[in-house]
1. Can Ala302 be described as buried (at least 19 other Cβ atoms within 10 Å of the Cβ), in the same structural domain as Ile336 (by the TED database), in a helix (DSSP H, G or I) and hydrophobic (A, V, I, L, M, F, W, C)?
2. Count, please, the residues in segment 175-191 that happen to be within 27 Å of Met41 (Cβ to Cβ) and among the polar types (S, T, N, Q).
3. Considering (1) part of a helix (DSSP H, G or I); (2) farther than 30 Å from Ala429 by Cβ, say which one Tyr314 fails and leave the rest.
4. Hey, among the residues in segment 268-289 that are assigned to a loop (DSSP other than H, G, I, E, B) and modelled with pLDDT of 80 or more, which one's least open to solvent (accessible area, probe 1.4 Å)?
5. When you go through Arg124, Arg139, Arg115 one by one, which is the residue that is out of contact with any Phe, Trp or Tyr (no Cβ under 9 Å at 6 or more places or on another chain), touching a residue at least 24 places away in the same chain (Cβ under 8 Å) and not polar (S, T, N, Q)?
6. Could you list, in sequence order, all residues of segment 1-51 that are assigned to a loop (DSSP other than H, G, I, E, B) and modelled with pLDDT under 85?
7. Taking only pairs six or more apart or across chains, which ones have beta-carbon atoms under 6 Å, a first residue in segment 71-93 that is farther than 16 Å from Lys54 by Cα and of a type in the set (Lys, Arg), and a second residue that is modelled with pLDDT of 95 or more and open to solvent by less than 30 Å² (accessible area, probe 1.4 Å)?
Amino acid sequence: MWGGRFAAGPSAIMREINASIPFDKALWRQDIAASKAHVAMLAAQTIVSPEDAKMIADGLDRVAAEYEADGVPEDWDLEDIHMTVEARLTELIGPAAGRLHTARSRNDQVATDFRLWVREAMVRAEAGLLSLQRALVTRAHENVDAIMPGFTHLQTAQPVTLGHHLMAYYEMTKRDISRFSDARKRTDECPLGSAALAGTGFPIDRQATAEALGFAAPTRNSLDAVSDRDFALDYLMTASQCALHLSRLAEEMIIWASQPFGFVKMPDTLSTGSSIMPQKKNPDAAELVRGHAGRIIGCATALMVTMKGLPLAYSKDMQDDKPPVFEAAGLLDLAIAAMTGMVADSTFDTARMRQAAELGYATATDLADWLVREADIPFREAHHITGAAVKLAEREGKALDALTLEQLQAIDERIDERVFAALSVDASAHSRSSYGGTAPQQVRARVAEAAKEVDLEL
């Protein structure tokens, strides 16, 4: 029944399904760091001799140098990175290598290695997002006064400034960084020393290994420590939320770069051409960022389903915890870098943006507000009057502020010449001066605050 694919029957199947070295070799640096911390602790606790500990530590350094130079070999019979490292260490220093596994298990090894790797991925994401924030703040600073249409339902709504629009993504990325930071705090506990599931009878010092590996403290329950993958799910859920924000920004850049909009020109370095249509400049990087969001969300779903209903403590299902995290981290790092370059190097056509705002009746709400404020008309009646004015402007093919006073007074005689001061897109944007609004003075103040938050000189 296994004919063709497997030559040796069930044993070949088991060998292939059981081996994790093709993907968990990515943990080799963390595995060696944790092993060095562990053997140093064993020596300090007189569980192994100083001589054996030095031989093991030196041997681990030699293994690390080999892997750095040539990569990690894949021997599926050794199953995983832990046995691969130990086997090579044994080849290098002999039987003393066997003492390294005293008072630990592959269960607490992988939990420790994986936490170290995920913690580094969180730090990397935070650093990447900081670069994106600096790009957003820089471009917002340049475009504090640049008028563009604000949209709801992708229909022109009210005038905003490009600076205000870009700063909306700054606020999103700020929350993303806070989520990664919070997740990193929860990740900051060391499972090493939990052994297989119940701890160990050796007089180990778990505080020492935790400190050596840069953790705030050791985990407090050995069963939980070896079976917990909350830290990986924290990363994936945060990465998913971050990817959603990046995808929204990517989608807007794609729309803005299309000829009907013409709001932005993408950098050549993040665009591609067509094999048949020489005029094309495709926003492929942005489209891939948008696509990567779906894959990252899929990775989060995959691990959630893997962990659902697993009894304590370790089960082999958990070997499948690493591929979705590794995939998501690679995709997220690329997406952050791509959007940082896009924001920093794109050329915004602010004249085209302003024209779109002027042609889209974006100041209709300002006319209604003026009627309420200056003519003491209830807002619902003012809304109806304004709708009639927009209908007339559409019929005439004009902007609202291009209608004559006579035309406006024919709709409602309470309108007077003062209304024109409220109908320009500039007046509209400047009037939105509530805290957090699009008025340039508000945006300028928030940009200055944000520049300090990200240590940026403008």
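The values are calculated or read from the model by the stated rules, or taken from the named source; none is laboratory data. It should be emphasised that the depicted structure is a prediction, and the values quoted were computed from it without experimental measurement. All Cβ positions, even for glycine, are placed from backbone atoms using ideal geometry, and neighbour counts span all protein chains on display. Only protein heavy atoms, including side chains, enter the accessible area calculation; ligands, DNA and RNA are left aside. Shrake-Rupley method; radii C 1.70, N 1.55, O 1.52, S 1.80 Å.
1. Working: buried (at least 19 other Cβ atoms within 10 Å of the Cβ): no; in the same structural domain as Ile336 (by the TED database): yes; in a helix (DSSP H, G or I): yes; hydrophobic (A, V, I, L, M, F, W, C): yes.
So Ala302 fails the test.
2. Residues meeting the conditions: 1.
3. (1)
4. Residues of segment 268-289 assigned to a loop (DSSP other than H, G, I, E, B): 271, 273-281, 283.
Next cut, modelled with pLDDT of 80 or more only: 281, 283.
On the way: Lys281: 97, Pro283: 19 Å².
Among those that are assigned to a loop (DSSP other than H, G, I, E, B) and modelled with pLDDT of 80 or more, it is Pro283.
5. Working: Arg139 fails: out of contact with any Phe, Trp or Tyr (no Cβ under 9 Å at 6 or more places or on another chain); Arg115 fails: out of contact with any Phe, Trp or Tyr (no Cβ under 9 Å at 6 or more places or on another chain).
It is Arg124.
6. Just the residues of segment 1-51 that are assigned to a loop (DSSP other than H, G, I, E, B), to begin with: 1-9, 19-20, 45-49.
Those that are assigned to a loop (DSSP other than H, G, I, E, B) and modelled with pLDDT under 85: Met1, Trp2, Gly3, Gly4, Arg5, Phe6, Ala7, Ala8, Gly9.
7. As it stands, the answer is Arg88/Val63, since those pairs meet every condition given.
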